[in-house]
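Structure record follows, encoded as structure tokens.
The values are calculated or read from the model by the stated rules, or taken from the named source; none is laboratory data. Given the structure is predicted, the values throughout are model-derived calculations rather than measurements. Cβ: placed from backbone, ideal geometry, glycine included. Neighbour counts: every protein chain shown.
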Ligand code: ADP
Ligand code: MG
């Protein structure tokens, strides 16, 4: 038998470099921006996967809203939910957009015959009966939506309780199910119509995705006014708790400027995490997967995990009705 020299007889843990060390050795001192990016991502991936997400004390109900289309609402609702589910949280996604993009991206059946949130809104089915489980995460439940929902807005418009329909259905479900959700995300349609009002009535928090582009803040005033109206007329517990800059491109000064402008106006609610513009994020839905399941090591997956962790660490805002109670005591 060939003798083994001392140099090669070290234990595997001594001889195998971690992926990080390899990257540091190759790129650590170089000025290569690709290298620096890989090194940086690998460190961030390690950091965000090694921490335990704090579990909220009660269910946090978060509406992802912005009446502008294409700013990253669905992508954010889908990928934050997946990041939380991956971290062991129990999550429910309510797809409230007739386009059903969140249902598609989470691999949920939502053809015309499939029971959906449309049946829930119109009182034909309870949430329990239409819920499906995301194939990639067993703690991620989804209430699907489909194009039929677009008819609901008109069909419910004359009902006296037209803004309460989702809330009534969710209250009923939560009071009867044994499941204890940590997070409920509502993916809103790009409008300020009745479906969005139903979402804002049931939510306690609003997360507003802001796309890093020209006119990023245009139309925001109208959204904020609608939310204030909802706060003052029928949901005093609603808080705009977070803003998240999406499709951020580090190479452009425009992205930085948009971030800084949002920070100037809304310093306390803007998340530090930003979501990069990344092809992998936009192609994941065509594989019926979140970026977390589709390419968990990609820059987009890392960024959504970081955003989720930041949201978990911030915790829920104190409910207005709670601190008013304390104030009166
Ligand atoms: P909204 O729900 O606000 O209408 P979406 O989440 O559907 O917006 O995003 C709009 C489009 O932009 C989709 O095609 C989506 O795949 C793409 N997209 C969203 N976020 C990113 C990103 N970070 N990088 C690249 N493409 C993105
Ligand atoms: Mg959408």
Q.
Looking only at segment 42-58, how many residues end up being surrounded by 17 or more Cβ atoms within 10 Å (Cβ to Cβ) and either within 16 Å of ligand 1 (Cβ to nearest atom) or under 25 Å from residue 319 (Cβ atoms) (or both)?
A. 1
Q | Enumeration of residues in segment 59-87 that are more than 16 Å from ligand 1 (Cβ to nearest atom) and in contact with a strand residue (DSSP E or B) (Cβ under 7 Å, 6 or more places away or on another chain) | A | 59, 60, 61, 84, 85
Q. Of the residues that make up segment 284-295, is at least one within 30 Å of residue 234 (Cα to Cα) and under 16 Å from the mean Cα position of the chain (by Cα)?
A. no
(Q) Can you go through 247, 242 and tell me which one is modelled with pLDDT of 95 or more and within 27 Å of residue 164 (Cβ to Cβ)? (A) 242
Q) In segment 169-199, how many are within 16 Å of ligand 1 (Cβ to nearest atom) and in contact with a strand residue (DSSP E or B) (Cβ under 7 Å, 6 or more places away or on another chain)? A) 8
(Q) I'm trying to understand the selection: among the residues of segment 144-170, which are in a helix (DSSP H, G or I) and either touching a helix residue (DSSP H, G or I) at 6+ places or on another chain (Cβ under 8 Å) or within 16 Å of ligand 2 (Cβ to nearest atom) (or both)? (A) 149, 150, 151, 152, 153, 165, 166, 167, 169, 170
Q: Please enumerate the residues belonging to segment 276-308 that are closer than 22 Å to residue 62 by Cβ and out of contact with any helix residue (DSSP H, G or I) (no Cβ under 6 Å at 6 or more places or on another chain).
A: 289, 293, 303, 307
Q) Only one of (1) in a helix (DSSP H, G or I); (2) away from ligand 2 (no atom under 16 Å from the Cβ); (3) farther than 12 Å from residue 244 by Cβ is not met by residue 310, so which one is it? A) (3)
Q) Looking only at segment 102-137, which residues are within 22 Å of the chain's Cα centre (by Cα), under 26 Å from residue 282 (Cβ atoms) and part of a loop (DSSP other than H, G, I, E, B)? A) 106, 107, 108, 109, 110, 116, 134, 135, 136, 137
(Q) For segment 216-296, give me every one of the helices (runs of 4 or more DSSP H) that falls completely inside it and has 1 or more residues that are within 16 Å of ligand 2 (Cβ to nearest atom) and within 24 Å of residue 204 (Cα to Cα). (A) 220-233
Q: Kindly establish whether residue 166 is at pLDDT 95 or above, away from ligand 1 (no atom under 15 Å from the Cβ), closer than 16 Å to residue 120 by Cβ and more than 15 Å from the chain's Cα centre (by Cα).
A: yes
